[in-house]
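> Sharing a structure, written as structure tokens. Questions coming.
What follows draws every value from the coordinates through simple rules; no lab data is involved. What you see is a predicted model; the values in this text were computed from it and never measured. Note that we place each Cβ from the backbone using ideal geometry, even for glycine, and neighbour counts take in every protein chain shown.
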Amino acid sequence: MLTAVKYRIYPDKNQSILINKTIGCARFVYNLMLADFYDNDLITTPAYYKKDYPFLKEVDSLALANSQMNLKQAFRNYKNNKDHFGKPKFKKKSRSKLSYKTNNKKSANSIRIENDRLILPKFRSGIKIVLHRQIEGVIKSVTVEQVPSGYYTASILYEVSDNQIETTLSKDNIVGIDLGLTHLAITSDNEKYDNPKNFRQLQKKLAKEQKILSRRFNNNVKERIYDENGDYVKTVFKKPLKDCKNYQKQKRKVAKIHNKIKNRRLDNLHKVSTEIVKNHDYIVLETLRVHNMIKNRKLSKSIADVGWSLFVNMIKYKCERYGKEFVQIDQWFPSSQICSHCNYKDGKKVLSVREWTCGNCGTHHDRDINAAINIKNKGLELIS
């Protein structure tokens with residue numbers, strides 16, 4: 001089984017330059033191959049360009065090879081699903097992810113960790129790494145990334161043996177989960193996991209820093225050009241934004257706040273999902289169409305902040321990792337309308353109704369816990 005873990009790395013000045021150069025060359029080769037395909041109908045490899053561009057020889061060749069693989073995958077995605085994927089586009093430095101991927105050569109053991117240093121191709125002395133978790137398997141590849149706030153990470157993909165201890169799953173140890181906004185997850189065991197609302201906590205601070213960033217951007221604008229119809233064409237700057245130190249400094253400050261929000265959200269989702277998976281044999285969830293739900297303008301910000309899709313994906317792969325069973329029921333199952341005590345369907349209820357009494361048996365329900373119990377019962381029907 002393949003497992004990936006992200007670590008913080010601390011390259012020195014020369015190593016940072018080489019990492020950024022490798023990222024740039026990987027993007028450059030990707031754009032060259034795409035241009036040759038569109039303009040000349042040529043299918044090329046990175047080696048084809050090394051004679052004309054000698055600087056490509058200075059970086060890791062496997063990083064360039066992975067750019068070729070990424071381009072092939074982009075065309076494959078477009079061919080197989082044109083409704084979802086568009087034609088491959090050129091990568092722009094300001095908009096593309098600043099990362100590159102390199103693979104481990106088994107014969108040379110080119111990627112390894114020695115004395116808290118990550119050994120990579122072209123980095124023989126190693127890059128300082130903080131190992132918050134030991135790697136127990138064979139390293140397959142590493143993706144080195146510079147995040148928008150400026151620091152560097154290494155995502156290490158490694159293979160662990162599937163020699164897991166076979167566990168007998170008990171249908172008595174099953175849990176239904178109802179996802180919400182006030183609480184992230186409500187279980188059929190009467191457990192409620194709070195939604196920390198990470199974005200809301202830092203929203204005012206983020207808005208303040210974004211306002212400063214916008215002002216520094218506008219101060220550097222020389223003029224905005226419009227066509228004859230009054231449509232915007234482009235912005236002319238007094239000097240390139242990359243040379244505006246105050247703007248770049250403020251841009252990193254905004255990126256750090258976004259990164260803090262993301263890290264807090266991930267930390268909470270990991271803790272909750274791991275606790276649920278470790279303590280239960282069967283986990284039952286509704287199938288969610290978050291893409292459609294987020295179209296609700298009143299709830300879109302809250303839905304995006306809570307991270308439902310990410311939470312469900314974590315539950316899925318952790319069930320596979322720990323040998324548990326993941327069950328999903330139909331999205332149209334009326335879990336909030338049915339009485340979990342007598343199965344009487346009481347009809348639709350507005351979101352403001354958090355508690356209700358069954359019109360048939362008189363049982364008083366907490367809306368979310370009742371829904372979680374109904375999800376659990378439906379899951380029991382599916383696995384029986």
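> Taking R0 as 45 Å, what's the FRET efficiency between K51 and L202 from their Cβ-Cβ distance, rounded to 0.05?
Efficiency, from the Cβ-Cβ distance: 0.35.
> When we measure straight from the Cα of K256, which lysines land under 17 angstrom away, once same-chain ones fewer than 8 places off are left out?
Output for K256: K97, K204, K205, K208, K211, K245.
> Relative contact order of segment 198-324, please, whole-number percent, based on alpha carbon pairs below 8 angstrom and at least 6 residues apart.
23 percent
> Related question: Bin all alpha-carbon pair distances of the chain at 20 Å intervals from 0 and give each bin's fraction as a whole percent.
Reading the bins upward from 0: 20, 48, 28, 4, 0.
> So how do 17-30, 352-365, 148-161 stack up, highest first, on mean other-Cβ count within 10 Å?
My ranking of the peptides, most packed first, is 17-30, 148-161, 352-365.
> State, in angstrom, two size descriptors of segment 22-166 derived from its alpha carbons: Rg to one decimal place and Dmax to the nearest whole number.
Radius of gyration, then largest Cα-Cα span, for segment 22-166: 17.4, 57 Å.
> Go through K82/K260; K6/K249; K50/K101 and tell me which ones have a Cα-Cα distance over 30 Å in this structure.
Among K82/K260; K6/K249; K50/K101, the Cα-Cα distance tops 30 Å for K82/K260.
> Here's something else I'd like to know. Gain in length, D83 to R321, computed as 0.36 nm per residue apart minus the alpha-carbon separation, to one decimal in nm?
82.4 nm
> Return the distance in nm (one decimal) between the two label points of a simple spin-label model at S384 and K13, each offset 7 Å from Cα along Cα→Cβ.
Computed distance between label sites S384 and K13 equals 7.1 nm.
> Still on this structure: Identify all aspartates and glutamates with a Cα-Cα distance to K278 below 13 Å; exclude those on the same chain that are fewer than 8 residues away in sequence.
Hits, sequence-local ones excluded: E320, E325.
> Further question: Return the calculated 222 nm mean residue ellipticity for the chain, to the nearest 500 deg cm²/dmol, obtained by summing -39500 (n - 2.57) across DSSP H runs with n ≥ 4 and dividing by the residue count.
-13000 deg cm²/dmol
> Now for a different question. Hey, got a sec? Which GluC sites (Glu not before Pro) in segment 161-263 land in a DSSP loop and have at most 12 other Cβ atoms within 10 Å?
E166, E228
> When the Karplus curve 6.51 cos²θ - 1.76 cosθ + 1.60 is applied with θ = phi - 60°, which whole-Hz ³J(HN,Hα) does each residue of segment 230-240 get, with x for Gly and Pro?
Residue by residue, segment 230-240 yields x, 7, 5, 10, 6, 10, 9, 9, 5, 8, x Hz.
> Kindly provide the chymotrypsin sites (Phe, Trp or Tyr not before Pro) of segment 64-146 that DSSP labels as loop, not H, G, I, E or B, and whose Cβ sees at most 13 other Cβ atoms within 10 Å.
F90
> Using the 10 angstrom Cβ neighbour count as an exposure proxy, how do T143, T274 rank, fewest first?
Ranked by crowding around the Cβ, least crowded first: T274, T143.
> Here's a follow-up. Among the lysines, select those whose C-alpha is under 27 Å from the C-alpha of K349, and discard any that sit fewer than 8 residues away in the same chain.
Here the lysines satisfying the reach criterion relative to K349 are K192, K197, K295, K298, K301, K376, K378.
> If you don't mind, another one. Amide H neighbours of F237 under 5 Å, counting only residues 5+ apart in sequence or on other chains, H built in-plane at 1.01 Å?
Under 5 Å from the amide H of F237 lie the amide H atoms of K222, each far enough along the sequence or on another chain.
> Counting C-alpha atoms alone, how compact is segment 225-384: give Rg to one decimal and Dmax as a whole number, in angstrom.
So, for segment 225-384, Rg and Dmax equal 23.4, 74 Å respectively.
> Give the shape of segment 200-257 as rounded, prolate or oblate, defined through the alpha-carbon gyration tensor: a ≥ b ≥ c are the square roots of its eigenvalues, a/c under 1.5 means rounded, and otherwise the shape is prolate if a/b is larger than b/c and oblate if not.
Here segment 200-257 falls in the oblate category.
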